[in-house]
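*Asks:* My structure is below; once you've seen it, I'll send some questions.
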Amino acid sequence: MNAVDPSDKTWQDMANCLGVDPDLFFPERGASTREAKEVCRGCVVRDECLEFALANGEKFGIWGGMSERERRRIRRARAIARRAAASVVSA
Ligand code: SF4
């Protein structure tokens with residue numbers, strides 16, 4: 001993943017979802033996320049979008065082609081990796 005400056009939002013100018021109905025990216029609980037993820041699939045700023053959502057703790061919606069549950073999984077995996085790296089350094 002790229003390191004992204006969370007305050008930099010210039011990537012949004014290149015978003016594939018510009019002009020797309022925002023409701024698509026914030027589906028009702030249990031509704032399909034397939035259409036939103038299709039839009040994200042071809043997006044050139046997908047990494048930036050995902051990192052922005054992770055850095056800002058976005059709780060809702062599809063960001064970088066991932067749902068909140070998928071983003072939670074990434075956050076957990078990174079936290080585990082950070083703890084493992086810290087224990088290696090301190091060992
Ligand atoms: S990854 Fe998806 S939500 Fe993010 S900017 Fe691109 S199209 Fe929009």
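*Asks:* Among the candidates Cys40, Cys49, which residue alone is over 16 Å from Asp5 (Cβ atoms) and buried (at least 16 other Cβ atoms within 10 Å of the Cβ)?
*Replies:* Working: Cys49 fails: over 16 Å from Asp5 (Cβ atoms).
Of Cys40, Cys49, the one residue that is over 16 Å from Asp5 (Cβ atoms) and buried (at least 16 other Cβ atoms within 10 Å of the Cβ) is Cys40.
*Asks:* Now for a separate question. Determine, yes or no, whether Arg82 is more than 13 Å from the ligand (Cβ to nearest atom) and not aliphatic (A, V, I, L, M). Before the answer, list the steps.
*Replies:* On the way: more than 13 Å from the ligand (Cβ to nearest atom): yes; not aliphatic (A, V, I, L, M): yes.
Here the answer is yes, as Arg82 does meet what is asked.
*Asks:* Which residues, taken from the stretch 7-21, are assigned to a helix (DSSP H, G or I) and modelled with pLDDT under 95?
*Replies:* Initial filter on the stretch 7-21 (assigned to a helix (DSSP H, G or I)): 10-14.
The one that is assigned to a helix (DSSP H, G or I) and modelled with pLDDT under 95: Thr10.
*Asks:* Okay, moving on. Sort out which residues of the stretch 38-57 are touching a residue at least 40 places away in the same chain (Cβ under 8 Å) and among the charged types (D, E, K, R), and write them in order of number.
*Replies:* Going through the stretch 38-57, the residues touching a residue at least 40 places away in the same chain (Cβ under 8 Å) turn out to be 47-48, 50-52, 55-56.
Across the stretch 38-57, the qualifying residues are Asp47, Glu48, Glu51.
*Asks:* Another question about this same structure. Got at least one residue in the stretch 11-24 being away from the ligand (no atom under 13 Å from the Cβ), surrounded by fewer than 17 Cβ atoms within 10 Å (Cβ to Cβ) and under 16 Å from the mean Cα position of the chain (by Cα)? Give the steps one after another, and end with the answer.
*Replies:* Of the stretch 11-24, the ones away from the ligand (no atom under 13 Å from the Cβ) are none.
No, the stretch 11-24 contains no residue that is away from the ligand (no atom under 13 Å from the Cβ), surrounded by fewer than 17 Cβ atoms within 10 Å (Cβ to Cβ) and under 16 Å from the mean Cα position of the chain (by Cα).
*Asks:* May I ask you to say which residue of Asp8, Asp47 is away from the ligand (no atom under 12 Å from the Cβ) and not small (Gly, Ala, Ser)? Steps first, answer last, please.
*Replies:* Values: Asp47 fails: away from the ligand (no atom under 12 Å from the Cβ).
Going through Asp8, Asp47 in turn, the sole match is Asp8.
*Asks:* Starting from residues that are β-branched (Val, Ile, Thr) and part of a loop (DSSP other than H, G, I, E, B), keep the ones in the stretch 33-44 and report whichever is farthest from the ligand (Cβ to nearest atom).
*Replies:* Initially, the stretch 33-44 is screened for residues β-branched (Val, Ile, Thr), giving 33, 39, 44.
Filter again for part of a loop (DSSP other than H, G, I, E, B), leaving 33, 44.
Values: Thr33: 11, Val44: 8 Å.
Result: Thr33.
*Asks:* Go through (1) more than 16 Å from Lys9 (Cβ to Cβ); (2) within 13 Å of the ligand (Cβ to nearest atom); (3) in a loop (DSSP other than H, G, I, E, B) and name the single condition Glu70 misses.
*Replies:* Glu70 satisfies all of (1) more than 16 Å from Lys9 (Cβ to Cβ); (2) within 13 Å of the ligand (Cβ to nearest atom); (3) in a loop (DSSP other than H, G, I, E, B) except (3).
*Asks:* On the basis of being among the small types (Gly, Ala, Ser), surrounded by 10 or more Cβ atoms within 10 Å (Cβ to Cβ) and in a loop (DSSP other than H, G, I, E, B), does Gly30 make the cut? Before the answer, list the steps.
*Replies:* Details: among the small types (Gly, Ala, Ser): yes; surrounded by 10 or more Cβ atoms within 10 Å (Cβ to Cβ): no; in a loop (DSSP other than H, G, I, E, B): yes.
The answer is no for Gly30.
The values are calculated or read from the model by the stated rules, or taken from the named source; none is laboratory data. It should be emphasised that the depicted structure is a prediction, and the values quoted were computed from it without experimental measurement. Because the Cβ atoms are built from the backbone with ideal geometry, glycine has one as well, and the counts that use them run over all protein chains shown.
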